[in-house]
Amino acid sequence: MKILIIEDEKQLAKSIVTALRTEGYVCEAAYTAAEANEKIPMFDYDCILLDINLPDDNGLAILETIKSLNKTDGVIIITARNSVEDKVKGLNLGADDYLAKPFFMPELIARVSAVIRRKRFDGSNKIVFQEITIDLFGKSVTVNGQELDLTRMEYGLLVFLTANKNRVVSKNAIAEHLSGDNAELLDKFDFIYSHMKNLKRKLTDAGSEDYIKTVYGLGYKFSA
Amino acid sequence: MRLLQVNLRSLLLYSLILLIISIPVSFLSVRAILSEEIDESLSLQADQFTHHIQQFEYLDDLETDLGVIDQLSYNVHIKPGAEGPAAREYSTVSFYDSLEGETRPFRQLHTIITVKGKRYDLKVRTSLVDSQDLALAIGSVQVIVSILLTAGLLLINRRLAKRIWKPFYNTLERLRAFELDKSETIPLVESDIFEFNDLNKALSHLTEKSRMVYLNQKEFIENASHELQTPIAIFQSKLDALMQSPNLTQTEAETLMELEATAQRMSRLNKNLLLLSKIDNEQFLEKEPIELAALVQHQVNIQKPVAALHDIGIRTALEPLPLQANKTLLEVLITNLLNNAIRYSAEKEDIVITIHERTFSVSNKGKLLAIDFEKMKERFRKESTHPNSTGLGLAIVKKICDSCGYKMSYNFSNATHTFSIQF
């Protein structure tokens, strides 16, 4: 799966490329609007990460180009200007998602995987990892065909972890993902810990292997 | 004291003093002049009388004639004798006036004259009634003129001052209505008085400059916050990359987590500052119909698991309250108040959330805070030293209330903190 990262901050672009590569994506980076405009007509991307504030052009113009070429590439807008108008404008122009800087890398990866899944699998939208199957439409999880009774939090946690498999996901990133803007929590780690404990128990009770490994001091890693 | 009053008061005081002094002074001086005139005329009369008496040779029996004169004359009395004073003596005396039938004041000249070698006691009198009437008349005219003059001066001064100072009061009123964050520049009225025009110009300049500084500062905060987002994003992405390395020691892992939490805190501070400046810039103008009770319930459901971690329950009594408002702002408002309540609530106590009579209240048990409500609402004021607290929560709530016209109040009683928003 191919991803184009349009971001003028080279350091950030590099980090995004590295992180996405560990998830098995093929990544290209464009540091200017001109570069991006060269690449977009030539290749098909599964997902384009688009920074709106580019030195040579407004990212929204690139979005218009993508749509005018009738491309089906998924587009996630990344911006430092977290303004409602930009968001509305971007989504109206056909962007699939919107992410404000700064963001946690696992969050970005989860958004990318969600956009790609939405673009590629019409009808049945499922994530399959070994014996675990997540039905994203029905919001249900089965292990070896046996359905689990998960809370909303536990379900969200599992989807988030599977999108970031083989990577260490920090507790901070998980807390932010689960609570969104309400992440100003006390003892958010206790909060995550209790949900994670329940999720692990439910999975192993249903006969799944324990894929969620605790990385001491940091967070969790989902891997086979 | 108002400017006009100061002016008027001094004038009035001066006029009054002048009036009080001038009435007796003018009356007395008129009387003195008159009485001097009368004395002179009495003296003249006495001279003439004496002269005539001494000239009349045909008077045979002087004694008898003088007796007749004494009897007949209204104002000349002459008697033989030498007891009277040698020099001319003036005095004011009262006599029964047979013409008028009442006792009246007279001015009298008393002297001794010698006629044909014999000394006589001579008294020449004149009635003082006419002169007193005159003095009274002159005095009254003087008083009336003085009163008219004073009243006229005061009236003119008053009207003139009012007209002259009008531009000043206009300017003052405009200044009072001026709000740095809301008003455009002050429209100042041209006046035909140089000083006021100068004042207006100086004020225009001052307000315009303050506004520019304010706007620049506002823009700076917004830009600074925006510009910080990207470096924080890079920072966070590099931390994430470091976390992926397989052989981290425990200390390294802990440091990484602390760094990430700090980055998150910076980012949150930044977002809150941006939110504040966005509310300032009125970027949340779109309003939609919102059922507050539903919105509150939704936020409560999100926060319940968090509160439950500390054995804090959330009880609600929500009356339906349909509002026309901006959803984003309302959500921020509810979330911030809820977050605060959870943060400052005593353990194992319930937070009570109510909507009653258009008022949304959040109460939590807790100890008395060291800072008062006014301070609480300031930016970066906080009681908690928790790293997750930015100290902007209540400042944002206040800003939202200010910009939307809601009324925010705080009450502490029975060890319970209650924040209320009246819609």
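The values are calculated or read from the model by the stated rules, or taken from the named source; none is laboratory data. Nothing here was measured: the structure is a model prediction, and the numbers come from that model. Cβ sites come from the backbone with ideal geometry, for glycine too, and all protein chains shown count toward neighbours.
Computed quantities for the displayed model
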{"read-out": "Candidates B:Ser204, B:Ser267, B:Ser210, B:Ser191, filtered to the one that is within 14 Å of chain A (Cβ to nearest Cβ), out of contact with any Asp or Glu (no Cβ under 9 Å at 6 or more places or on another chain) and of a type in the set (Gly, Ala, Ser)", "value": "B:Ser267"}
{"read-out": "Residue within the range B:301-316 that is within 49 Å of the chain's Cα centre (by Cα) and either within 30 Å of B:Ala346 (Cα to Cα) or assigned by TED's automatic domain parsing to the domain that holds B:Thr354 (or both) present", "value": "yes"}
{"read-out": "Within the range B:320-348, tally of residues that are buried (at least 17 other Cβ atoms within 10 Å of the Cβ) and away from every other protein chain (no Cβ under 14 Å)", "value": "3"}
{"read-out": "Candidate set: the range A:81-102, residues that are in a loop (DSSP other than H, G, I, E, B) and surrounded by fewer than 22 Cβ atoms within 10 Å (Cβ to Cβ); chosen: the one modelled with the highest pLDDT", "value": "A:Asp96"}
{"read-out": "Single match in B:Leu109, B:Leu62 (criterion: at pLDDT below 80 and either of a type in the set (Val, Ile, Thr) or surrounded by 15 or more Cβ atoms within 10 Å (Cβ to Cβ) (or both))", "value": "B:Leu62"}
{"read-out": "Condition broken by B:Lys218, with the remaining ones in (1) more than 9 Å from chain A (Cβ to nearest Cβ); (2) surrounded by 16 or more Cβ atoms within 10 Å (Cβ to Cβ) satisfied", "value": "(2)"}
{"read-out": "Qualifying position, being out of contact with any Phe, Trp or Tyr (no Cβ under 8 Å at 6 or more places or on another chain), within 26 Å of A:Gly219 (Cα to Cα), of a type in the set (S, T, N, Q) and within 14 Å of chain B (Cβ to nearest Cβ), among A:Thr151, A:Thr142, A:Thr133", "value": "A:Thr151"}
{"read-out": "Some residue of the range A:193-201 being modelled with pLDDT under 90, over 24 Å from A:Lys101 (Cα atoms), part of a loop (DSSP other than H, G, I, E, B) and in contact with a helix residue (DSSP H, G or I) (Cβ under 9 Å, 6 or more places away or on another chain)", "value": "no"}
{"read-out": "Residue in the range B:42-58 that is modelled with the lowest pLDDT, counting only those that are touching a strand residue (DSSP E or B) at 6+ places or on another chain (Cβ under 7 Å) and not β-branched (Val, Ile, Thr)", "value": "B:Gln54"}
{"read-out": "Candidates B:Met266, B:Met257, filtered to the one that is part of a helix (DSSP H, G or I) and in contact (Cβ under 8 Å) with a residue 12 or more places away in the chain", "value": "B:Met266"}
{"read-out": "Residue that is farthest from B:Asp280 (Cα to Cα) [pool: residues in the range B:221-243 that are at the interface with another protein chain (Cβ under 7 Å from one of its Cβ atoms) and among the β-branched types (Val, Ile, Thr)]", "value": "B:Ile234"}
{"read-out": "Selection within the range B:178-219 - part of a loop (DSSP other than H, G, I, E, B) and either in contact (Cβ under 8 Å) with a residue 60 or more places away in the chain or more than 19 Å from B:Pro167 (Cβ to Cβ) (or both)", "value": "B:Glu179, B:Leu180, B:Asp181, B:Lys182, B:Ser183, B:Glu184"}
{"read-out": "Every residue from the range B:279-311 that is touching a residue at least 12 places away in the same chain (Cβ under 8 Å) and among the charged types (D, E, K, R)", "value": "B:Asp280, B:Glu282, B:Glu286, B:Lys287, B:Glu288, B:Glu291, B:Asp311"}
{"read-out": "Among the candidates A:Ala19, A:Ala29, A:Ala34, residue that is modelled with pLDDT of 90 or more, assigned by TED's automatic domain parsing to the domain that holds A:Asp97 and either more than 18 Å from the chain's Cα centre (by Cα) or in a loop (DSSP other than H, G, I, E, B) (or both)", "value": "A:Ala34"}
{"read-out": "Candidates A:Lys119, A:Lys87, filtered to the one that is touching a strand residue (DSSP E or B) at 6+ places or on another chain (Cβ under 7 Å), within 14 Å of chain B (Cβ to nearest Cβ) and basic (Lys, Arg)", "value": "A:Lys87"}
{"read-out": "Tally, over the range A:195-224, of residues that are away from chain B (no Cβ under 14 Å), touching a strand residue (DSSP E or B) at 6+ places or on another chain (Cβ under 8 Å) and charged (D, E, K, R)", "value": "1"}
{"read-out": "Residue list for the range B:252-264, filter: over 14 Å from A:Gly219 (Cα atoms), within 9 Å of another protein chain (Cβ to nearest Cβ) and surrounded by fewer than 20 Cβ atoms within 10 Å (Cβ to Cβ)", "value": "none"}
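Conditions tested, residue by residue: (1) of a type in the set (S, T, N, Q); (2) not assigned by TED's automatic domain parsing to the domain that holds B:Ser43.
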residue: B:Arg107; (1), (2): no, no
residue: B:Lys116; (1), (2): no, no
residue: B:Arg119; (1), (2): no, no
residue: B:Val124; (1), (2): no, no
residue: B:Gly139; (1), (2): no, no
residue: B:Gln142; (1), (2): yes, no
residue: B:Phe168; (1), (2): no, yes
